[in-house]
1. Using the structure shown, decide if GLN122 is surrounded by 24 or more Cβ atoms within 10 Å (Cβ to Cβ), under 21 Å from SER286 (Cα atoms) and not β-branched (Val, Ile, Thr).
2. Can you give me the ranges of the helices (runs of 4 or more DSSP H) entirely in region 437-525 with at least 2 residues that are among the charged types (D, E, K, R) and within 30 Å of ARG406 (Cβ to Cβ)?
3. With respect to GLU110, is the statement that it is among the acidic types (Asp, Glu) and not in a helix (DSSP H, G or I) true?
4. Does region 144-151 contain at least one residue that is within 16 Å of ligand 2 (Cβ to nearest atom) and assigned to a helix (DSSP H, G or I)?
5. Identify, from the list SER355, SER373, SER387, the residue that is under 24 Å from GLN496 (Cα atoms), away from ligand 2 (no atom under 16 Å from the Cβ) and without any contact (Cβ under 8 Å) to a residue 24 or more places away in the chain.
6. On the basis of being on the phi > 0 side of the Ramachandran plot, out of contact with any Cys (no Cβ under 9 Å at 6 or more places or on another chain) and away from ligand 1 (no atom under 16 Å from the Cβ), does GLY99 make the cut?
7. Of the residues that sit in region 385-400 and are of a type in the set (A, V, I, L, M) and more than 23 Å from PRO96 (Cβ to Cβ), which one is nearest to the chain's Cα centre (by Cα)?
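Each value in this text was obtained by applying a stated rule to the coordinates, not by laboratory testing. Remember, predicted model here, so these are calculated numbers, not experimental data. Cβ sites come from the backbone with ideal geometry, for glycine too, and all protein chains shown count toward neighbours.
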Amino acid sequence: MHREQGRGSMFAQVQDKPHTMATTKDDVVRTGAQAPIRTGAEYVESLRARNLKVYLFGELVDEPVDHPVIRPSINAVAETYDLAVRSPELGTAVSPYTGERINRFLHIAESPEDLVMQNKMQRRLGQLTGTCFQRCVGMDAFNSLHSVTFEIDEAHGTAYHERFVDFLTMAQQQGYVIGGAMTDVKGDRSKAPHEQDDPDMFVRVTKRTDEGVYIRGAKAHQTGCINSHWLIVMPTLRLGPKDKEFAIIGALPVDAEGITYIYGRQSCDTRAMEGGDIDLGNAKFSGQEAMVVFDDVFIPWDKIFMDGEYEFAAMLVERFTCYHRRSYVCKSGVGDALIGAAATIADYNGVEKASHIRDKLVEMTHLNETIYSTGIASSYQASKMKSGVFMNDDMIANVCKHHVTRMPYEIGRLAQDLAGGIMVTAPSQKELEHPEIGDIVRKYLKGRKEIAAEDRLRIVRLIENMTMGRNAVGYLTESMHGAGSPQAQRVQIGRQMQLEFKKQLAKNLAGIAPESAEEVSDELAGYMEKVFASANRSNDE
Ligand SMILES: Cc1cc2nc3c(=O)[nH]c(=O)nc-3n(C[C@H](O)[C@H](O)[C@H](O)COP(=O)(O)OP(=O)(O)OC[C@H]3O[C@@H](n4cnc5c(N)ncnc54)[C@H](O)[C@@H]3O)c2cc1C
Ligand code: SF4
């Protein structure tokens, strides 16, 4: 079955005429910069003076932009703006809603090529930052909500899609960063939301008024939330009729009243407060996660995109994770930088030409390109949804993300092999610069004579940063759990593996007679239908 079943695409209609919704004063969140935000510098200014309630190390943060632990994560998002300025083909697209060139992170995919270009942009940003640049959750939430709101309206006669497109258009016009808040804290994992002892374990509606709804609860592990302008709150799992109050999707400004952010600390994060840049490994860039606590936070009706339609929660989660699991191509870009670091330390140590070193670099590259290949294959094998947005292939997206739960760990292991023990026993930058022992440290830390000891130290610190320091959060553990822990992908792969079809192939070859008439059917369905469909097919066919 094709996903689109002959109904006219609203997306196609709006493409003829750019959306003319005027951005209202209320929609323009308080920012220190003049919108639209285009450059990294404008973005950084836009985050100032927002009066967010952020806790870090037991204290309220005065100004996150200037906090040494937080700033590298802001720099990573700023790079998504600067890339768009430097390489518009990679970092931007023309919006059918505004008619303008916008940042690709805010674009709705109009073709498989758009999805592939998202992946290429993600790989490039991974290369440039060596960490999580935080904007893909919002991008994937936008693309999944485009089709889900359309299909809720179709079933219930609601007006969510139009509201959503209004919000999307406003975000595109202003150049905002959107955070995707899906993962609830979840309490007892064996229980549904309505079965929890404490109902706040899943974000829920506590009150409805003529103006809107109030929500309560907490979202965990929220990537880039403090660096965003808006958050989109979404359910995290399949919901049943008794979970109706948990079936809420809405957009709210990051500085909405009643939100508290509790910053997630990362391995070696306080090195950013010690001064110096060598021990940091990657002094400029890092990721960011925080817990977001909603204490009866108001969302007006025009920013609500689902309210009570619990039967669509599973559709949203599956479509969001479908987009997001192939977004993990970002790790192939980070992997490029780590492979480069491993090759550099081998060179500095004078062993680059040894056959086993070269073989390990080949192995790392093989693993890294496997991640990339499955990501873009999923994007190429896309389908057009009823709303007109394109969605990448779910089976291959899950294969991509499942690779990501393993391969960065093996690439990291090989990088540590090539780095040598110095990666974890090296002295600090302060010893290197010490008036008495600095010369001794530089003498004994030398590898090849042409290479300064400081450079050798810098490259091993980068490998430390990416495999066990701050950016190992993004490269390793986020690879494991982000967009769902490994079992979540195995469930999706299992659902689509079409064993009956494959058994029939085997029985045919082995000369075993079919047991039923269905077994002789050679009609392709499910995943196999997509595998053998023409690359340029439309779902109208
Ligand atoms: C660095 C990082 C960034 C992230 N960014 C975001 C973000 O921006 N937005 C967002 O919404 N989410 C984000 N996530 C959340 C991510 O989607 C979750 O971590 C993931 O879904 C797993 O949930 P959990 O961490 O609560 O793990 P848990 O649910 O505690 O899982 C732990 C283990 O228990 C197993 N398990 C869980 N439930 C069950 C069950 N019912 N039955 C059997 N086994 C079970 C899991 O398979 C896993 O092996 C991020 C996570 C990380 C680590
Ligand atoms: S982990 Fe990768 S896909 Fe997810 S937000 Fe970070 S950079 Fe994007």
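1. Working: surrounded by 24 or more Cβ atoms within 10 Å (Cβ to Cβ): yes; under 21 Å from SER286 (Cα atoms): yes; not β-branched (Val, Ile, Thr): yes.
Judged against the criteria, GLN122 is a match.
2. Numbers: elements: 438-444, 453-467, 478-481, 486-495, 499-510, 517-520.
Result: 453-467, 486-495, 499-510.
3. Working: among the acidic types (Asp, Glu): yes; not in a helix (DSSP H, G or I): yes.
Yes: the conditions hold for GLU110.
4. Step one: filter region 144-151 for residues within 16 Å of ligand 2 (Cβ to nearest atom), giving 144.
Still in the list and also assigned to a helix (DSSP H, G or I): 144.
Yes; the residues of region 144-151 include at least one that is within 16 Å of ligand 2 (Cβ to nearest atom) and assigned to a helix (DSSP H, G or I).
5. On the way: SER355 fails: under 24 Å from GLN496 (Cα atoms); SER387 fails: without any contact (Cβ under 8 Å) to a residue 24 or more places away in the chain.
Result of the check over SER355, SER373, SER387: SER373.
6. Working: on the phi > 0 side of the Ramachandran plot: yes; out of contact with any Cys (no Cβ under 9 Å at 6 or more places or on another chain): yes; away from ligand 1 (no atom under 16 Å from the Cβ): yes.
Here the answer is yes, as GLY99 does meet what is asked.
7. Of region 385-400, the ones of a type in the set (A, V, I, L, M) are 385, 389, 391, 395-397, 399.
Checking the rest, the ones that are also more than 23 Å from PRO96 (Cβ to Cβ) come to 395-397, 399.
On the way: MET395: 18, ILE396: 17, ALA397: 13, VAL399: 16 Å.
Looking at the filtered set, the residue picked out is ALA397.
For (1) away from ligand 1 (no atom under 11 Å from the Cβ); (2) part of a strand (DSSP E or B); (3) within 29 Å of GLY287 (Cβ to Cβ); (4) among the acidic types (Asp, Glu), each residue gets a yes or a no:
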{"residue": "LYS191", "(1), (2), (3), (4)": "no, no, no, no"}
{"residue": "VAL213", "(1), (2), (3), (4)": "yes, yes, no, no"}
{"residue": "LYS219", "(1), (2), (3), (4)": "no, yes, yes, no"}
{"residue": "GLN222", "(1), (2), (3), (4)": "no, yes, yes, no"}
{"residue": "ILE226", "(1), (2), (3), (4)": "yes, no, yes, no"}
{"residue": "GLY250", "(1), (2), (3), (4)": "yes, yes, yes, no"}
